[in-house]
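Notes to accompany the following structure.
The values are calculated or read from the model by the stated rules, or taken from the named source; none is laboratory data. Since the structure is predicted, the reported quantities are computational estimates derived from the model, not experimental observations. Cβ placement follows ideal geometry from the backbone for every residue including glycine, while neighbour counts extend to all protein chains displayed.
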Amino acid sequence: MNISKSEILFEESRKRIPGGVNSPVRAFGSVGRTPLFIDHAKGSHITDVDGNEFLDYVCSWGPGILGHAHPEVVEAVQKACEKGLTYGAPTEKEWQLAELICEAMPSVEKVRLVSSGTEAVMSAIRAARGYTGRDKIIKFKGNYHGHSDGLLVKAGSAALTTAVPDSSGVPVSYTQNTLVALYNDMNSVSQLMEEYGNQVAAIIVEPVAANMGVVLPKAGFLEFLRQITTKYGSLLIFDEVITGFRLGFGGAQEYFGITPDLTTLGKIAGGGMPMAAYGGRGDIMDMVSPVGPVYQAGTLSGNPIATTAGIVTLEILKKHPEYYGEIERKARQLARAFEERAERSGEAIWVNQIGSLLSVFFTAGPVEDYDSATASDTKAYAAYFGRMLEQGVYVAPSQFEAMFVSIAHTDSEIEETCRVIVERNERTE
Ligand code: KE4
């Protein structure tokens with residue numbers, strides 16, 4: 001049997017890159033297959049180095065809300081490149097993007113641009129600690145906030161599938177100030193706050209969890225976090241790296257009507273380029289250097305090419321609020337297809353969907369937290385993943401990620417995907 005170019009590249013790249021990938025989930029480890037090396041992508045499609053084309057529901061883990069290589073974004077980036085790639089000096093574009101972000105999310109009075117979600121979260125937590133003078137933070141089991149040392153404690157996302165609950169190489173002392181509560185479990189938060197509340201700088205939460213698969217906040221949960229942080233003088237940080245500009249132009253904070261003290265953004269905010277941000281109340285952000293004593297810096301922060309991609313992407317989304325209803329409708333169609341599959345096949349399937357975000361879990365459910373999410377049958381997920389791939393549909397290679405719909409996914413492509421979902425392959429019975 002002839003070997004695919006992806007297999008050859010995977011073999012070669014593993015000699016030079018750990019696992020042959022630059023981010024663990026891309027290695028297809030939890031679905032037991034050779035990762036596809038991608039050659040190009042356009043609109044709703046992604047094409048691997050062997051010329052196989054797929055309908056893409058990974059969308060680069062969220063940035064691709066406009067579809068791949070949106071012509072307006074590409075043209076603007078090409079033009080920007082002709083003016084130089086990076087100056088290491090302030091530019092008008094950084095201010096324009098900051099204005100767009102602050103306009104979209106009024107809780108963000110000031111914002112600092114950085115280059116990754118990890119950096120945004122790490123910096124937001126430092127700002128929260130600097131502002132409150134407190135050391136402890138509370139995060140939630142199954143929430144993933146990037147790979148900064150203090151947060152790799154029962155992280156979600158790839159750490160879940162690689163069954164390594166905490167990363168090695170992180171000194172215990174770096175995580176002593178990280179307390180872990182249970183998502184959607186108010187009591188677990190109350191207990192921690194009763195004991196440590198006056199030491200807690202911030203509670204950080206994914207307002208919609210998307211790194212244990214998509215798990216929605218229960219009614220009142222986010223309001224509760226807002227109240228209890230205010231009560232103890234702690235800050236509330238919404239990690240909107242996924243939900244920002246995804247659930248709506250104003251993100252989860254607009255969707256649920258909750259005002260966090262700090263917000264972290266990434267993915268869509270950079271239009272697919274390495275661009276992320278943290279921001280919030282002006283009095284907190286004024287703690288950040290060079291205004292205040294909280295140091296944070298970055299060579300490529302606010303990079304003119306990345307800010308160009310972010311500005312054009314956000315301006316398109318701002319001009320087309322109707323896009324959000326459209327991609328939500330399509331995500332709901334996909335969710336219904338999974339439910340129909342369960343009715344037909346008797347499989348244990350649970351679907352969580354909100355806006356254009358959804359996850360199918362191979363478990364009876366309900367999936368409302370880390371324990372119910374991790375009760376899923378990851379072998380059944382791997383079989384589902386393989387079947388979808390064989391039918392030309394590229395979904396997340398891990399049970400604990402999200403499925404993303406873009407404005408480039410046409411109605412007929414959604415219908416085709418629903419057909420593939422429902423008519424599961426008998427071989428996987
Ligand atoms: P990055 O450092 O990967 O840009 O962002 C970290 C991050 C922070 N907060 C949330 C809520 C996130 O989902 C992420 C990153 N998301 C994963 C997907 N689950 C990125 C994909 C990957 O790790 O390769």
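Computed quantities for the displayed model
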quantity	calculated
Selected residue (criterion: surrounded by the most Cβ atoms within 10 Å (Cβ to Cβ)) from residues of the range 107-127 that are over 27 Å from ASN22 (Cβ atoms) and in contact with a Ser or Thr (Cβ under 8 Å, 6 or more places away or on another chain)	VAL108
Residue tally, condition more than 11 Å from the ligand (Cβ to nearest atom) and either surrounded by 24 or more Cβ atoms within 10 Å (Cβ to Cβ) or of a type in the set (S, T, N, Q) (or both), over the range 229-246	6
Members of the range 142-168 that are surrounded by fewer than 21 Cβ atoms within 10 Å (Cβ to Cβ), touching an Asp or Glu at 6+ places or on another chain (Cβ under 9 Å), modelled with pLDDT under 90 and assigned to a loop (DSSP other than H, G, I, E, B)	LYS154, SER167
Which listed residue is out of contact with any strand residue (DSSP E or B) (no Cβ under 6 Å at 6 or more places or on another chain) and more than 16 Å from the ligand (Cβ to nearest atom), from SER345, SER398, SER356	SER345
Subset of the range 193-228 (residues that are under 24 Å from the mean Cα position of the chain (by Cα), among the β-branched types (Val, Ile, Thr) and not in a loop (DSSP other than H, G, I, E, B))	ILE203, ILE204, VAL205, VAL215
Subset of the range 259-272 [crowded, with 19+ Cβ neighbours inside 10 Å and in a loop (DSSP other than H, G, I, E, B)]	PRO260, ASP261, GLY266, GLY271, GLY272
LYS139 surrounded by fewer than 21 Cβ atoms within 10 Å (Cβ to Cβ), assigned by TED's automatic domain parsing to the domain that holds VAL172 and not in a loop (DSSP other than H, G, I, E, B)	no
GLY279 vs. criteria within 25 Å of ARG329 (Cβ to Cβ) and either within 15 Å of the ligand (Cβ to nearest atom) or buried (at least 21 other Cβ atoms within 10 Å of the Cβ) (or both)	no
